[in-house]
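A short worksheet on the structure shown next.
The values are calculated or read from the model by the stated rules, or taken from the named source; none is laboratory data. Since this is a predicted model, take the numbers as computed values, not measurements. Cβ sites come from the backbone with ideal geometry, for glycine too, and all protein chains shown count toward neighbours. Ligands, DNA and RNA are excluded from the accessible area calculation, which covers all protein heavy atoms including side chains. Shrake-Rupley method; radii C 1.70, N 1.55, O 1.52, S 1.80 Å.
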Amino acid sequence: MGGKYRITGNTHPRMRRPRNRWRIVLAGVSAVVALGLAGWGTLQLIDVFTGGDQSASAAGHQRDCPKPTPAPAVPAKTLPKPAAIKVNVYNATTTTGLAKAAADELKKRGFTVGEVGNAPEAYDKKVPGPGVLLGAPAAVDGSFAVLGTQLPGTVQKTDTRKTAEVDLILGAKFKAFSTPAEATAAMTALTKPSPVPSSTSCAPTAPKTKNG
């Protein structure tokens with residue numbers, strides 16, 4: 001070739017076809033789609049081998065289970081007032097005057113005090129704990145409970161008496177009655193109604209696992 005198109009030297013110009021941009025774009029989109037499908041397939045395999053559907057099964061079971069209905073509360077327990085309880089106070093320890101001091105304190109707290117003196121021979125110096133409550137069987141759910149709020153740790157015993165009075169026999173570990181605040185809190189706990197736990201017939205079932 002001559003003129004300005006004359007070829008000189010040892011090199012020759014290379015003739016290239018123009019690149020097709022649409023093919024490049026299409027190849028990129030295809031690669032992204034392939035990667036997405038591969039990732040989704042991997043997640044499905046993980047769910048199969050790890051039991052990924054267990055939470056869904058449990059949620060479905062909970063939707064089918066009816067809500068339990070609250071049970072009615074147990075009526076409050078009725079206990080006798082301190083003034084309605086007649087207490088005989090006996091001293092089974094070697095401390096002189098202990099029965100009188102205890103009787104005076106119970107009287108201040110509203111109890112009716114009967115006899116005060118030394119304990120009978122069957123209990124004299126034979127009560128290792130704080131004290132013994134002795135009375136008729138009917139006193140177990142009434143007078144014993146009220147007196148127990150004043151002196152925790154007492155042993156309860158019944159006999160064949162027909163009267164409603166109760167004997168409080170002070171033992172070797174008796175130091176003092178509960179404080180008025182402590183006794184009031186204990187009394188409140190005894191008279192407070194307690195709800196009955198509600199039950200339902202819908203028992204949860206364990207989700208099924210897939211064996212490999």
Q. If we sort 92-98, 165-171, 127-133 on the protection proxy, mean other Cβ atoms within 10 Å, highest first, what's the order?
A. 165-171, 127-133, 92-98
Q) At a Förster distance of 35 Å, what's the computed FRET efficiency of Lys77 paired with Asp124, Cβ-Cβ distance as r, to 0.05? A) 0.50
Q. In the stretch 98-138, what is the volume of the convex hull around the alpha carbon atoms, normalised per residue and reported in Å³?
A. 107
**Q.** Å² per residue, accessible surface of the stretch 74-183 at 1.4 Å
**A.** 54
